[in-house]
Amino acid sequence: MHLDESWIAGAAARARAASRVLAQSSGETRNHALTAAAAAIRARSASILAANALDVAASTASDAFRDRLTLNPARIEAMARGLDEIAALPDPLGRVLAEWTRPNGLRFRRVATPVGIIGMIYESRPNVGADAGGLCLKSGNAVILRGGSESLRSAREIHAAIVEGLVQAGLPEACVQIPPDADRAHVAAMLGAAGLIDLIIPRGGRSLVERVQREARVPVLAHAEGLCHTYIHRAADPEMARALIANAKMRRTGVCGATETLLIDEAIAGSLLPMIVDDLAALGCDFRADPAACAIVPGLVAASPADFDTEWLGPVLSIAVVQDVDAALAHIARHSSAHTEAIVTADEAVACRFLAGTDSAVVLWNASTQFCDGGEFGFGAEIGIATGRVHARGPVGLEQLTIFRYEVIGSGQIRP
């Protein structure tokens, strides 16, 4: 057995033992650990920033990647506040999801329980470690966090704060673990840990997620990319549309909920599209446009066929002019990654047609796609976005990190 496999096997064994303690702990105990970890993150802010500065200085990645990697006082406070908000949420464990009684008198209950051992594989964003650790802790799951090598120093400092919270609450330190080094072999060992790890959640670039989905022998909860669309219908309020697309594209261009493609009805494109282009250009955005959009706004760069299948993760927007809502839905069906789509319109019937006709995890009406975030959903934080067809879709929060068991209560019944 290689060293990395040995470490993962040992970590999983420790996590299994810790998860049994965690699953049987009170909600008050888990909340104590969370609030203590939040206080520790605030107290360790200077050391976290110093470690992060070293990570950023060593990075040779793109600007979008470096933005995800970079911490500042506001982002550290957001991490701590996220843990406090998770602590304030209702306990997800022990919820009775359904109950019924059979004619023979047997009573049945479906009760929420933890998944067990989560393996979290992520890139660049150090705050993911805090969010994932907090959500797993609250939902009774032990977690092994394998962040990217580029954020190892930051991850260690954040992990130390979480461990401090666990110790203060009297919970096992092994509830939240990280590998001792940045060896990439830890990822392969986690992917092959069938029977040791119950669920893998990857969060990062397309190559990472596709590798996890291709190689994992453990169930995976993931999305490969966030190719999100905003569709402006002919009945949209023009000022609302301008404000929404500016936010959806440019608030943070490197997040998976950023709009990558603008679809706009041909009936209003002639008057509205030039203003939208001016708005976004003033914010530093570039464009890739179809022939109809190029005819309306001369000087736009013509889009290649591949551009509408590209998650830019930067200040670039693909633009297509469409005939109506059905054409918009057809475009989305061809090019979407099933992450997040939005429609801007005052026509309720058209909005309902769009909401029902879009096969994506999250669909919005008159709101920015950047609201696809667990905190904005009221989940306190998220461990990622799921675009699959089983277990969970959209932001993965506390509820999505639980499964269930059946409890059957009898009074001496025997089966005939």
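Throughout, read-outs are computed from the coordinates displayed, never taken from laboratory work. For clarity, every value in this text was computed on a predicted model and none was experimentally measured. Because the Cβ atoms are built from the backbone with ideal geometry, glycine has one as well, and the counts that use them run over all protein chains shown.
Key figures
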| read-out | value |
| --- | --- |
| Whether region 285-335 is rounded, prolate or oblate, judged on the alpha carbon gyration tensor where a/c under 1.5 counts as rounded | oblate |
| Within region 228-371: Cβ-based charge dipole about Cα centre, in debye rounded to nearest 20 (Lys, Arg +1; Asp, Glu -1) | 280 |
| Sparsely packed chymotrypsin sites (Phe, Trp or Tyr not before Pro) within region 340-416, loop by DSSP, other Cβ within 10 Å at most 12 | none |
| Most to least packed among 326-337, 113-124, 295-306 [average Cβ atoms within 10 Å] | 113-124, 326-337, 295-306 |
| Integer Hz, Karplus 6.51/-1.76/1.60 couplings in order for region 125-135, x for Gly and Pro | 7, x, 5, 4, x, 5, 4, 5, x, x, 5 |
| Neighbourhood net charge (12 Å Cβ-Cβ; Lys/Arg +1, Asp/Glu -1) for Ala78 | -1 |
| Segment Gln213-Asp183, extension gain: residue separation times 0.36 nm, minus the distance between their alpha carbons | 8.8 nm |
| Cβ charges +1 (Lys, Arg) and -1 (Asp, Glu), total dipole of region 270-327, debye | 180 |
| Total formal charge among the other residues, if their Cβ is under 13 angstrom from that of Ala356, Lys/Arg +1 and Asp/Glu -1 | -3 |
| Charge dipole (debye, nearest 20) of the chain; +1 at Cβ of Lys and Arg, -1 at Cβ of Asp and Glu | 1720 |
| Charge tally in the Cβ shell below 9 Å around Arg206, where Lys, Arg are +1 and Asp, Glu are -1, Arg206 excluded | -3 |
| Cut-off under 5 Å, modelled amide H: who pairs with Arg146 long-range | Met120, Ile121, Tyr122 |
| Computed helical MRE - 222 nm, the chain, DSSP H runs ≥ 4 contributing -39500 (n - 2.57), nearest 500 | -13500 deg cm²/dmol |
| Farthest positive-ward along the chain dipole, Cα basis, beta-carbon charges - from Pro180, Leu227, Ala320 | Pro180 |
| Whole-Hz couplings from phi, Karplus 6.51/-1.76/1.60, listed for region 73-89; x for Gly and Pro | x, 5, 6, 5, 4, 5, 4, 5, 5, x, 5, 4, 5, 4, 4, 7, 6 |
| Vicinal HN-Hα couplings computed from phi for region 331-338 (Karplus, 6.51 cos²θ - 1.76 cosθ + 1.60; Hz; Gly/Pro x) | 4, 4, 4, 6, 10, 6, 9, 6 |
| Structure-derived Rg and Dmax of the Cα atoms in Å: which label, when the choices are [x] 23.3, 81; [y] 22.6, 93; [z] 21.5, 66 | [x] |
